[in-house]
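The values are calculated or read from the model by the stated rules, or taken from the named source; none is laboratory data. Quantities reported herein were computed from a predicted structural model and do not represent experimental measurements. Cβ atoms come from the backbone with ideal geometry, glycine included; neighbour counts cover every protein chain shown.
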Amino acid sequence: MSFTAEVKDELARVVPACAACEKATLAALVRIEGTLFVSGPDRYRVEVATDAPAAARLVVRLLHAIYALKTNLTMRRSVLHKTPNYLIEVPAQPHLADALRDMGVLSAEGGLELGIKPELVAKPCCAAAYVRGAFLGSGFISNPKSDFHFEITVETEPLAAGLVELMARKDIAARVMQRRSSYMVYLKSGASILEFLAWTGAHQAALSMEEERVVKSVRNDVNRMINAEMANQAKAAGAAVDQIYAIRAVVEHYGMENLPPALQDFIRLRVTYPEASLKELGQRATPPLSKSAVYHRVRRIESMAREIGAGE
């Protein structure tokens, strides 16, 4: 089961906070996954298609419980993707038009409602329920082990803007992007996605995602430390090579026996331990030397090597 399917399965089982929450969830599902057919004045039928079995069961249950509407449920299997798809048919029947107006599918004048009916999302819990239904309808969330990505696809710009506004009430910064003839409401921040899951009731999914965020954070910290250590080692190795070239020039020009004892001691240490840092060379000296004392000897040899080069 994909992570999206797991989230939808959990959201479909959220206990409503108030009696109006289930209506808000159903309204979003019908708006996003439903297709409206008109056969005459106030004569409609509706088809709701979903690939989430938990969402299909929820739609059927709520249509029966809230509006006492008759439904037919058919399971179809995609030949291409080999996955089941569920079709809920709501045939023409008395009170269907009233139910569609109550859910904000139809306006009071009989036209299509493009935005979100304010009465459905007046309470904070109902706003969360509506967004929960929107995700159940066309939501997608990537596996938290990969890059964080979240989206809900809707058909109208006003509906997309309405979802963004509802999330903004919870300080979740969503954005809208047009994709052909549809609109995608998306989140890119892992923190925003986590906040959405907790707000809509997917607490297990939020916990799983938070665990992955911690693992990613630790992994990134370790990688940064390793990269920094490798960079330091490369820098130290390059400096050691430069020092050995300078030592060779100084020894060949002056002779080892003609150099000050302090420089002779440093040259022996550097040649014996070519990969050691200046601090490690100081610790190996007899008596031990500070890093600054070793660095002073390095600068002296490098200065002598430059003078030799300038003289030649």
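Would you confirm whether any residue within the range 133-150 is among the hydroxyl-bearing types (Ser, Thr, Tyr), touching a residue at least 40 places away in the same chain (Cβ under 8 Å), part of a loop (DSSP other than H, G, I, E, B) and touching a Ser or Thr at 6+ places or on another chain (Cβ under 9 Å)?
Start the filter on the range 133-150 by keeping residues that are among the hydroxyl-bearing types (Ser, Thr, Tyr), which leaves 138, 142, 146.
Going one step further and asking which of them are touching a residue at least 40 places away in the same chain (Cβ under 8 Å), we end up with 138, 142.
Retained after the next criterion (residues that are part of a loop (DSSP other than H, G, I, E, B)): 142.
Filter once more, so that each one left must be touching a Ser or Thr at 6+ places or on another chain (Cβ under 9 Å): 142.
Yes - at least one qualifying residue is present in the range 133-150.
Look at (1) without any contact (Cβ under 8 Å) to a residue 12 or more places away in the chain; (2) within 30 Å of ASP147 (Cα to Cα) and you find that ASN258 fails only one, number (2). A single member of ALA65, ALA54, ALA99 is in contact with an Asp or Glu (Cβ under 7 Å, 6 or more places away or on another chain) and part of a helix (DSSP H, G or I), and it is ALA54. If you go through the range 233-280 and pick out every residue that is over 13 Å from VAL298 (Cα atoms), acidic (Asp, Glu) and over 52 Å from the mean Cα position of the chain (by Cα), you end up with 2.
With respect to ASP42, determine if the residue is more than 33 Å from the chain's Cα centre (by Cα) and over 24 Å from ILE152 (Cα atoms).
Numbers: more than 33 Å from the chain's Cα centre (by Cα): yes; over 24 Å from ILE152 (Cα atoms): yes.
In short, yes.
One residue stands out in the range 257-267 among those that are in contact with a helix residue (DSSP H, G or I) (Cβ under 9 Å, 6 or more places away or on another chain) and not aromatic (Phe, Trp, Tyr): the one that is surrounded by the most Cβ atoms within 10 Å (Cβ to Cβ), namely ILE267.
Looking at LEU11, LEU58, which one is closer than 28 Å to ASN143 by Cβ, touching a Phe, Trp or Tyr at 6+ places or on another chain (Cβ under 7 Å) and surrounded by 20 or more Cβ atoms within 10 Å (Cβ to Cβ)?
Numbers: LEU58 fails: touching a Phe, Trp or Tyr at 6+ places or on another chain (Cβ under 7 Å).
Only one candidate passes the filter, namely LEU11.
Just so you know, in the range 234-256 the residues that are out of contact with any helix residue (DSSP H, G or I) (no Cβ under 8 Å at 6 or more places or on another chain), more than 18 Å from VAL294 (Cβ to Cβ) and not small (Gly, Ala, Ser) include one that is surrounded by the most Cβ atoms within 10 Å (Cβ to Cβ), and it is ARG248.
Out of the residues in the range 181-201 that are of a type outside the set (Ser, Thr, Tyr) and farther than 16 Å from SER138 by Cα, which is surrounded by the fewest Cβ atoms within 10 Å (Cβ to Cβ)? Before the answer, list the steps.
First, the residues of the range 181-201 that are of a type outside the set (Ser, Thr, Tyr): 184-185, 187-188, 190-191, 193-199, 201.
From what's left, farther than 16 Å from SER138 by Cα: 188, 190-191, 194-195, 198-199, 201.
On the way: LYS188: 14, GLY190: 19, ALA191: 12, LEU194: 22, GLU195: 18, ALA198: 16, TRP199: 20, GLY201: 20.
Here the answer is ALA191.
For the range 61-74, what are the residues that are of a type in the set (A, V, I, L, M, F, W, C) and either in contact with a Gly (Cβ under 9 Å, 6 or more places away or on another chain) or surrounded by 18 or more Cβ atoms within 10 Å (Cβ to Cβ) (or both)?
Residues satisfying the conditions are LEU62, LEU63, LEU69.
Please count how many residues of the range 208-230 are of a type in the set (Gly, Ala, Ser) and surrounded by 12 or more Cβ atoms within 10 Å (Cβ to Cβ). Here the count works out to 1.
Kindly establish whether GLY162 is small (Gly, Ala, Ser), assigned to a helix (DSSP H, G or I) and either under 22 Å from ALA54 (Cβ atoms) or not assigned by TED's automatic domain parsing to the domain that holds ALA68 (or both). Considered against the rule, which asks whether it is small (Gly, Ala, Ser), assigned to a helix (DSSP H, G or I) and either under 22 Å from ALA54 (Cβ atoms) or not assigned by TED's automatic domain parsing to the domain that holds ALA68 (or both), GLY162 comes out as no.
In a residue-by-residue description of the range 80-94, the property of being assigned to a strand (DSSP E or B) and loosely packed, with under 12 Cβ neighbours inside 10 Å applies to no position.
This table checks each residue for (1) farther than 30 Å from ASP147 by Cα; (2) of a type in the set (Ser, Thr, Tyr); (3) touching a strand residue (DSSP E or B) at 6+ places or on another chain (Cβ under 8 Å).
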position	(1), (2), (3)
ARG224	no, no, no
MET230	no, no, no
VAL241	yes, no, no
ASP265	yes, no, no
THR286	yes, yes, no
LEU289	yes, no, no
ARG300	yes, no, no
ALA305	yes, no, no
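As a summary of the residue check, ARG132 satisfies the conditions (1) at pLDDT 95 or above; (2) of a type in the set (Lys, Arg); (3) more than 18 Å from LEU58 (Cα to Cα) except for the one numbered (3). The set of residues from the range 268-304 being within 16 Å of VAL241 (Cβ to Cβ) and buried (at least 16 other Cβ atoms within 10 Å of the Cβ) comprises LEU269, ARG270, ALA276, SER277, LEU278, LEU281, VAL298, ILE301, GLU302.
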